[in-house]
Amino acid sequence: MGADFDWQVQPFVGGGVTWAKASHQTLGGPIATSWSVTHSDFTLEVTVPAGTTAKVVMPDGEVHLI
């Protein structure tokens, strides 16, 4: 049985890195993610192609489907 999502995003935070940004052009459109951490605030942005879904695994292990 297949996965219930098309993409998986799982940012790894730490090691002195305070932000990251990446994108990739797929046949269906762009997939993009960016994150930043300041003090104890974590911000994540994810864009997936229309009609697709992503499993987002947060640094604390919490899982979201978007």
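FYI, it's all coordinate maths here, none of it is from the lab. Please read all numbers here as calculations on a predicted model, not as lab measurements. So basically every Cβ, Gly included, is an ideal-geometry build from the backbone, and we count neighbours across all protein chains shown.
If you filter region 26-43 down to residues that are small (G, A, S) and part of a strand (DSSP E or B), you find that the one that is nearest to D60 (Cα to Cα) is S36.
The set of residues from region 44-60 being closer than 19 Å to V13 by Cβ, part of a loop (DSSP other than H, G, I, E, B) and in contact (Cβ under 8 Å) with a residue 24 or more places away in the chain comprises M58, P59. Being assigned to a loop (DSSP other than H, G, I, E, B) and either charged (D, E, K, R) or touching a residue at least 12 places away in the same chain (Cβ under 8 Å) (or both) is a property that F12 has.
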